[in-house]
Structure formats: C-alpha cells, structure tokens
1. What is the extension gain from Glu319 to Asp290, computed as 0.36 nm multiplied by their sequence separation minus the C-alpha to C-alpha distance, in nm to one decimal?
2. Helix 260-273 versus the longest principal axis of the chain: what angle, 0 to 90°, nearest 10, using Cα atoms?
3. Where does helix 51-63 land angle-wise versus the long Cα axis of the chain, in degrees 0 to 90, nearest 10?
4. May I ask you to derive the FRET efficiency for Gln170 and Ala60 from their Cβ-Cβ distance with R0 = 35 Å, giving the value to the nearest 0.05?
5. By how many nm would the segment from Arg21 to Val375 grow when fully extended, if each residue of separation counts as 0.36 nm and the alpha-carbon distance is taken off?
6. With a cut-off of at most 13 other beta carbons within 10 Å, and DSSP calling the residue loop, which chymotrypsin sites (Phe, Trp or Tyr not before Pro) in the stretch 177-240 qualify? Please list them.
7. Using helices alone, I'd like the mean residue ellipticity at 222 nm for the chain: each DSSP H run of four-plus residues gives -39500 (n - 2.57), total over residue count, nearest 500.
8. Return the single residue from Leu310, Leu119, Leu45 with maximal mean-square fluctuation; model: Gaussian network over the chain, springs between Cα atoms under 10 Å.
Amino acid sequence: MPNVAKLTFWGVRGSTPTVERDTWRYGGNTSCLELRAPGGGRFILDCGTGLRMLGKRMRAEQEHPPASGKTSGVEAHVLVTHYHWDHIQGMPFFHPFFDARNRFDFYSFKSQQLGRDSLRQVLEAQLASPYFPVDLAKMTAGRRFHEIAGGDAWDVPGARVTAAWLNHPQGCLGYRLDTAAGSVVYATDNEPGVAEFDGNLLKLADGADALVYDAQFSPEQLATTRRGWGHSTWLEGVKIARQARVKNLFLFHHDPESSSQVVDGFLYAARQEFPATWAAIEGMCITLCDQRVKVALPEARLGHRREIRLAAMVSGQSENGMPFEEQATVRDVSLLGAYLSLSRRPPLQSEVRVVIETGGNSNPSNRLSLRGTVVRCEPGSKANEYGVGVVFLEELDPDTPLD
Ligand SMILES: [Zn+2]
Ligand SMILES: [Zn+2]
C-alpha cells in the first residue's frame, strides 16, 4: 500500500477571526492545520479558532467510527508556533480536551515573558476565572508538555519533526514534518530581512513538498506601513519556494482586512512567478502520496446547491495556458439570494417564498421553489415598485402550498 499523508486546513486567517461576507470564501477562522501521517500519527499545527471545527470532526469520528475503526481515544501531537491569540484561542473550545479517553502531547518554546512551562501556563490561563466558565479540572484528556527550541529535531510515530526560529515579535517557531509520504513545512508569522532567520527558513523549507507560508500583506504594505509587524508576502513566499526548491507553495495567514478578492489577487500574482502556488482555504485538503501532492478544495460553503440544466458559454484558460471558450451545460447552481421588483412592500426580516421557472415549460423539475428572508427593501424607479433583496434559506417542494 502506498504511503499517504493528509494535511487539512481548519483555519487560515491571521490575527483575528473574521465573519464579514467578503471573507467567507477563504474562511474566517484563525490558524489551525491537521496532518495525518502515514501509519496514523496525528498532528495539530497551532490552535487558533479553526481548532473548534477539528474538535467537532474528531468527536464525530469517535462517536461514529468507520466500520473498521475502533472507538478508543484520540492521540495527537500539538505543535504550537507561538502564543499570540490567533494561534491559541481555539483551545478552550476543543471538545477532545474534555474527554478522558484522549491524550495530547504539546510542543512549544519557553517564552521569555512566561518562563518555564509556557504552553501549560497559556492553556491554563485561558481556562482561569473570570475568562472562561469551565474549570480546568474538567479538562480530563491526558496532557504532556514538551519544551523545545529552534534547531531541535525529534521523532514521533509517523514523522520526524524539526523546529526553526522565525522572525516575529516575542519569537515564533516554524515546523517541518518529514513523513514517508512527503514533507510539509509550516512557517507562518515570519518577517523576512534578517539574515539569521532567513537562513533558518531556507534550511527548514529545503525541497519540501508543501510549504505553508505567511502571506498576510502585499509587498507594498510590507515595504511601508506594515514593516516590523512580523509578517510576510506572497512575493517573499515565491522567492523562498524557488530558492529552497519547494514543490508547492501555500499562501497562508490571510489578513483580516483582506477580502476574498484581495487574496485572489495575491494568488494570481504569485502564480505568475511560481505556478505551483495555492491560497489556503478553510477546509482545503492536501494529499501527499509518494512525494506527489494533490490539492482538494472544500465544498462551497456559501449556498444551497440545486441541480438544473442550463446552456452556458464558458471562457477561461486551460492548464497549458491557452485561452478557451466553449458551449457547456450548467448542471447545478448555488443559490444565495435574489433581487426582485415587487408592487408590495414586505417588511425586513419577513419570510417570502419565491418560485422561479427555469425552463420554457411548466415541468416541475424546471421550477425552483425557495423560502427566503427579506434583507432589503427600497423604492423602485416607478411608483408602486419596490426593490426587494432576499436571502434564500432553503428549497421547498414546489407543490407545498404557501402558508
Ligand atoms: Zn498569527
Ligand atoms: Zn503572531
């Protein structure tokens, strides 16, 4: 059987979680990755708010194991890069910490400010009164803390882990995990330009199959207003990827002020220079198999999907860079909402039902029947006409009578 490792992004945002709609596509949870190494070794890289989602998945697996699986506890190695909020804030909300069947090994460095047992202190302080309602005694999972430093390397089942110091206020560690299926380097919260740290990163990333790198700012921002903030850019990521002969570059730690379109822009700019670049999206999953990397994107999380048949003309660029245009069939659409002209004025936040005929005949499969909520209502251009914005909540059986 070939060796397979899976890397999943549970949180990709830097600094603070975002909920703005224009950040949804990439996701709003802060730093958290999971690596399943060949042979079953499990790693958690950082504990930002994305950790809560991973906890939900782990609990579901424990409650409903696959037919072949057993319901024993979860064991994982938790590698924390540093103690800024966006890398630790998910800990109190991670259910597997509150289950005595589970065991965790934690790794991080001795902070100058906190001294010995820094990570234990950070974890316990987050659960201390008056910051959190649940007592530390409820955190029943087995916990072992390991103090490590840049330059250390150690073996855990499934991977060899190497740590390196990066350039970030109060310190930060980058991690490399070498597995039988391939190598992953997680290097976030790093500002380029200091020879010692730049050298550490190049060595850490050398020949990696996947490099996850801090691309929070634009090159212009880093050169001006964001210098000294401890972060980097897609352009620096490209330079490192080239110099270290990395196979795939993943832009990560998106700025909370960056809309999805801004991140798209960074990605497209980076691809011009280094084609094997990807922008980390919440839910993205990378499979490493015999040093080859396959990327899968999450199901779009934004809307209800509906099977439909519509003709469309599609143009774009094919893999070899050639532009194309072709006639295609739309097989399904995702439905977020609509803007309607009505002669009545439904109140904001009231429910409406919208039935749309999508084909030329009255075949029910050509009919979309949707329940929605009114989010906008304004006078239209004519008298007795209103522009009404609706967000769709669900699709209804077209034969259900309106109540
Ligand atoms: Zn951060
Ligand atoms: Zn930080």
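Here, each number is a calculation from the coordinates, and none is a lab measurement. Remember, predicted model here, so these are calculated numbers, not experimental data. With ideal geometry, Cβ positions are generated from the backbone for all residues, glycine too; neighbour counts draw on all protein chains shown.
1. So the chain would gain 8.1 nm between Glu319 and Asp290.
2. Once rounded, one gets 60 degrees.
3. With both axes taken from Cα atoms, the answer is about 90 degrees.
4. On the way: r = 36 Å, r/R0 = 1.02.
In this case the efficiency is close to 0.50.
5. 126.0 nm
6. Working: sites: Tyr186, Phe197, Tyr213, Phe217, Trp229, Trp234; in loops: Trp229.
Answer in residue order: no site qualifies.
7. -4500 deg cm²/dmol
8. Maximum among the listed residues: Leu310.
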